[in-house]
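Q: If you scroll down you'll find the structure; I have some questions about it.
The values are calculated or read from the model by the stated rules, or taken from the named source; none is laboratory data. Computed from a predicted model, the values in this text were never measured in an experiment. Every residue, glycine among them, receives a Cβ derived from its backbone with ideal geometry; neighbour counts consider all protein chains shown. Each accessible area value is taken on the protein alone, full model and side chains, heavy atoms only, with ligands, DNA and RNA left out. Shrake-Rupley method; radii C 1.70, N 1.55, O 1.52, S 1.80 Å.
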Amino acid sequence: MDLPVDEWKSYVLQKWSLLPKSIQGTISAAETLSDIFLHSSSLLQPEDEMFLKRLSRNYLVGKDPRAPLFYREQGNKKFQEKEYMGATVFYSKGVSHSRPNTEDISLCYANRSAALFRLGQYEACLKDITRAQVHGYPERLQHKMMLRKAECLVTLGRLQEASQAISDLEGSFTARPTLATPQSQVLQKSLSRLKMKLQEKENLIETPPAVLSTACEEDMGLRERSEQIPSASSSVRLCTDPLKGRYLVATEDILPGQLLVREDAFVSVLNPGELPPLHHGLESEWDTRVTNGDLYCHRCLKRTLATVPCGGCSYAKYCSQECLQQAWHLYHSIECSVGGLLLTLGVFCHVALRSTLLARFEESGQVLKKLCGKIGNKDICLPESKNPMKKFPYDLGGESGENDKSIETPIPGCDTNGKYENNYNAVFNLLPHTENHSPEHKFVCALSVSALCKQLEESSMVEESSLQAPTTGLKSSKLEAAETPALCAELDIWGVAMLRHMLQLQCNAQAITTIQQTGSEERIVTDSRQVRLATAVFPVTSLLNHSCSPNTSVTFISTVACVRASQKIGKGQEILHCYGPHESRMAVAKRQQKLRSQYFFDCTCPACQNEKHRIGTGPRWEGFCCNRCRTPLQGSNVLSCGNTPCMESVRRDHLDSRLQDLQQQIGMAQKLLRKGQLEQAVPLLLGCQREAERFLCEEHTVMGEVEDNLAQAYAAAEAAHSVEENGLPRIETDRSSIEHIRVAAPPC
């Protein structure tokens with residue numbers, strides 16, 4: 001859900017239709033974002049805000065004290081049915097609705113540790129045991145959980161800690177002789193068995209732990225970084241052109257598979273998935289579905305079953321206490337109180353707000369001074385007495401006096417030294433295409449942002465004690481270096497910045513997706529589907545122009561985008577990315593229509609030009625090309641080269657047989673990919689790519705199929721490395737997720 005919910009969109013569009021033509025004309029003719037925002041926000045009425053608040057209350061993002069018991073009972077049912085992953089998710093939902101230091105949260109953590117133990121996630125199990133104890137797990141239930149802790153430690157080979165845990169457990173038995181006899185006997189038997197297992201392990205010769213290969217780590221990163229673009233390889237250079245704007249070119253010959261860009265998202269927001277319908281009955285009041293929000297960290301997007309919830313709401317969940325604290329300091333302390341409103345206004349509005357919040361931590365004064373200069377009529381700076389920049393928290397490093405003048409840079413988004421970095425300056429300079437959006441769309445966005453600003457202003461007036469930061473002993477060095485800047489007292493500046501970002505996202509948002517598989521009890525894959533995991537902004541990756549037959553593939557690991565060459569790229573050649581409409585999956589007319597409506601340009605890439613030419617000239621085209629000069633072959637039983645001097649010819653049945661053999665090889669490679677045998681799959685796919693280039697045109701669907709499979713293979717390799725690097729086991733369940741993430745079309 002990129003844009004606001006249908007009820008709010010319909011409401012705002014009806015409001016637009018009822019406006020006098022003169023006001024519609026004023027907003028439609030506005031040339032600057034500040035004029036659009038100020039005119040639109042002046043039309044926001046109290047009844048509009050009340051309607052939006054009623055819609056927002058449909059989304060249960062607060063903590064309901066009745067919910068933990070419900071979810072714990074649901075989890076217990078799943079546990080008894082041996083559906084441990086489902087049990088884990090329900091216990092996590094119970095944790096999210098529990099208040100800190102209550103029996104509810106301690107019981108949910110303890111029960112989740114039992115499910116994690118059955119799933120073989122022993123490290124996560126130990127963390128949940130610690131959390132249960134910290135939050136006051138009842139003394140009467142400690143024995144079973146302490147035994148589980150000892151079993152985890154023995155299994156993990158942490159024998160000294162295991163021995164101590166067993167001693168503590170034995171001491172507890174001695175201290176409580178009144179323990180019920182049947183339970184005591186079961187625990188004593190389990191303890192005796194565990195002591196024998198510990199003894200066996202202690203008698204074994206210790207094997208030193210495996211050390212992650214440094215060479216492997218280096219291979220996953222950029223071998224040599226560009227001085228101009230730190231997130232890119234030195235084989236890439238940023239250029240600009242009056243017609244096509246900024247673009248990237250190769251500074252040297254690039255081989256297939258070579259990593260060109262490795263960039264962490266400046267901002268990302270987890271996709272909430274299909275939001276539940278409005279509930280009225282108590283029995284259906286709480287959501288029992290498994291969503292991405294239950295399985296992925298809301299900050300770093302790592303997959304986890306042991307989520308750590310925000311202390312103030314039930315929606316935001318994280319993979320660790322560190323991610324929770326970082327999210328709180330960077331943006332969630334502001335977002336927490338308006339979670340329902342953000343779900344109502346959509347992902348784009350949420351990304352826009354979070355981008356603006358993140359800018360508080362950068363020295364973005366020069367950038368925002370440009371924006372400040374556009375508040376008011378005809379882009380003239382406001383008088384000092386009314387200048388909201390005096391209160392604007394983004395201006396952390398700005399100077400006063402003569403240095404207040406905007407500094408011209410050769411390429412938009414670059415700093416004064418010509419360096420293009422992954423920062424707010426680069427994000428701010430992504431094009432919003434204001435003139436191309438319809439007046440109605442701009443009005444919906446502007447009124448939505450205005451309503452959000454009003455709610456933020458109300459929230460900022462609430463005493464700080466009502467929004468306590470989660471307690472934690474972890475604090476990143478970045479957060480130690482600077483206090484969290486206060487919420488802006490003058491929200492008009494925020495509104496214009498958010499409106500700019502919201503309009504930018506139609507052309508500059510990247511959809512991070514994951515492949516989810518379903519399988520039988522024997523874990524044999526029977527079906528899979530691609531789902532969007534998050535919406536993110538990658539300012540360097542956004543520099544790539546589109547081609548319907550691109551020479552790169554983009555994959556994701558957590559919030560990191562990796563751009564690799566999918567074919568040979570010659571020195572001086574432009575580096576191109578597909579925005580979604582690929583020539584192997586969509587006809588030229590449909591591609592052109594989609595690109596024009598979403599990205600506001602007419603594609604003139606070679607794939608589109610060639611396909612239009614073939615449609616115009618009429619002869620039958622088979623997708624085969626001349627082995628000598630690469631000109632398309634035409635004909636019936638015997639195909640001939642269209643290049644008259646070449647005169648190459650070949651029988652159709654020979655080419656058909658060759659194509660059939662190639663497709664069989666691709667099928668074998670796909671089977672290897674599904675089995676996770678990357679070392680065999682990648683060389684086979686590269687061989688298929690070389691063979692295809694000998695007799696197939698670049699526009700042939702098989703060429704795109706090979707490139708897609710190579711992209712998946714590279715992503716799977718990156719994900720496998722990430723899983724090993726973070727010590728996370730692969731989870732095998734009926735709804736497991738392939739540990740590779742690839743790019744889909746940016747959201748429509």
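Q: Looking only at the range 681-702, how many residues end up being under 29 Å from the mean Cα position of the chain (by Cα) and farther than 28 Å from residue 591 by Cα?
A: 2
Q: Considering only residues that are more than 21 Å from residue 494 (Cβ to Cβ) and either touching a His at 6+ places or on another chain (Cβ under 8 Å) or buried (at least 19 other Cβ atoms within 10 Å of the Cβ) (or both), which ones fall in the range 22-59?
A: Hits for the range 22-59 are 23, 26, 55, 59.
Okay, residues lined up against (1) open to solvent by 20 Å² or more (accessible area, probe 1.4 Å); (2) among the charged types (D, E, K, R); (3) closer than 21 Å to residue 296 by Cβ:
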position	(1), (2), (3)
78	yes, yes, yes
84	yes, no, yes
96	no, no, yes
104	yes, yes, no
116	no, no, yes
123	yes, yes, yes
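Q: Do you know which of the residues in the range 33-79 that are polar (S, T, N, Q) and in contact with a helix residue (DSSP H, G or I) (Cβ under 6 Å, 6 or more places away or on another chain) is nearest to residue 457 (Cα to Cα)?
A: Looking only at the range 33-79, we keep the residues that are polar (S, T, N, Q), and these are 34, 40-42, 45, 56, 58, 74, 76.
This time we only want the ones that are in contact with a helix residue (DSSP H, G or I) (Cβ under 6 Å, 6 or more places away or on another chain), so: 34, 40-41, 56, 74.
Details: 34: 19, 40: 18, 41: 14, 56: 17, 74: 39 Å.
Across the range 33-79, the extreme among qualifying residues is 41.
Q: Within the range 553-569, take every residue that is open to solvent by less than 30 Å² (accessible area, probe 1.4 Å), out of contact with any Lys or Arg (no Cβ under 6 Å at 6 or more places or on another chain) and outside any strand (DSSP E or B) and give me the one that is nearest to residue 238 (Cα to Cα).
A: Applying the filter and picking the extreme gives 566.
Q: Tell me whether the range 573-589 contains one or more residues that are open to solvent by less than 30 Å² (accessible area, probe 1.4 Å), polar (S, T, N, Q), within 21 Å of residue 692 (Cα to Cα) and not in a strand (DSSP E or B). Let's see the steps before the verdict.
A: Applying the first criterion (open to solvent by less than 30 Å² (accessible area, probe 1.4 Å)) to the range 573-589 yields 575, 577-578, 580-584, 588.
From what's left, polar (S, T, N, Q): 584.
Add one more test, that the residue is within 21 Å of residue 692 (Cα to Cα), and what stays is 584.
Filter once more, keeping what is not in a strand (DSSP E or B): 584.
Yes: the range 573-589 contains one or more residues that are open to solvent by less than 30 Å² (accessible area, probe 1.4 Å), polar (S, T, N, Q), within 21 Å of residue 692 (Cα to Cα) and not in a strand (DSSP E or B).
Q: Every residue in the range 538-552 that is in a helix (DSSP H, G or I) and touching a Leu at 6+ places or on another chain (Cβ under 7 Å), please. Steps first, please.
A: To start, the set of residues in the range 538-552 that are in a helix (DSSP H, G or I) comprises 541-543.
Once the filter is applied, which keeps residues that are in a helix (DSSP H, G or I) and touching a Leu at 6+ places or on another chain (Cβ under 7 Å), the range 538-552 yields 542, 543.
Q: Is it true that residue 73 is more than 29 Å from the chain's Cα centre (by Cα), surrounded by fewer than 18 Cβ atoms within 10 Å (Cβ to Cβ) and under 30 Å from residue 292 (Cβ atoms)?
A: On the way: more than 29 Å from the chain's Cα centre (by Cα): yes; surrounded by fewer than 18 Cβ atoms within 10 Å (Cβ to Cβ): yes; under 30 Å from residue 292 (Cβ atoms): yes.
Against the criterion (more than 29 Å from the chain's Cα centre (by Cα), surrounded by fewer than 18 Cβ atoms within 10 Å (Cβ to Cβ) and under 30 Å from residue 292 (Cβ atoms)), residue 73 qualifies.
Q: Would you check if residue 148 is among the basic types (Lys, Arg), assigned to a helix (DSSP H, G or I), modelled with pLDDT of 95 or more and in contact with a helix residue (DSSP H, G or I) (Cβ under 6 Å, 6 or more places away or on another chain)?
A: On the way: among the basic types (Lys, Arg): yes; assigned to a helix (DSSP H, G or I): yes; modelled with pLDDT of 95 or more: no; in contact with a helix residue (DSSP H, G or I) (Cβ under 6 Å, 6 or more places away or on another chain): yes.
No: the conditions fail for residue 148.
Q: Also: Just give me the residues in the range 485-520 being at pLDDT 75 or above and β-branched (Val, Ile, Thr), in sequence order.
A: Scanning the range 485-520 gives 493, 496, 512, 513, 514.
Q: Still on this structure, please answer the following. Which of the residues spanning the range 568-586 are touching a helix residue (DSSP H, G or I) at 6+ places or on another chain (Cβ under 8 Å) and either at pLDDT 90 or above or of a type in the set (A, V, I, L, M, F, W, C) (or both)?
A: If we filter the range 568-586 for residues that are touching a helix residue (DSSP H, G or I) at 6+ places or on another chain (Cβ under 8 Å), which is where we start, we get 577, 579-586.
Result: 577, 579, 586.
Q: Separate question: Considering only residues that are charged (D, E, K, R) and modelled with pLDDT of 90 or more, which ones fall in the range 341-361?
A: Just the residues of the range 341-361 that are charged (D, E, K, R), to begin with: 354, 360.
The answer is 354, and nothing else.
Q: Please work out if residue 652 is surrounded by 13 or more Cβ atoms within 10 Å (Cβ to Cβ) and within 30 Å of residue 716 (Cα to Cα). So that I can check it myself, show each step before the final result.
A: Working: surrounded by 13 or more Cβ atoms within 10 Å (Cβ to Cβ): yes; within 30 Å of residue 716 (Cα to Cα): no.
No: the conditions fail for residue 652.
Q: Let me ask something else about it. Can residue 598 be described as open to solvent by less than 30 Å² (accessible area, probe 1.4 Å), in a helix (DSSP H, G or I) and farther than 30 Å from residue 318 by Cβ?
A: Numbers: open to solvent by less than 30 Å² (accessible area, probe 1.4 Å): yes; in a helix (DSSP H, G or I): yes; farther than 30 Å from residue 318 by Cβ: yes.
Yes; evaluated as a whole, the condition is true for this residue.
Q: Sticking with this structure for a sec: For the range 526-536, check the following and say yes or no: at least one residue is closer than 30 Å to residue 419 by Cα, assigned to a helix (DSSP H, G or I) and at pLDDT 80 or above.
A: No - not one qualifying residue is present in the range 526-536.
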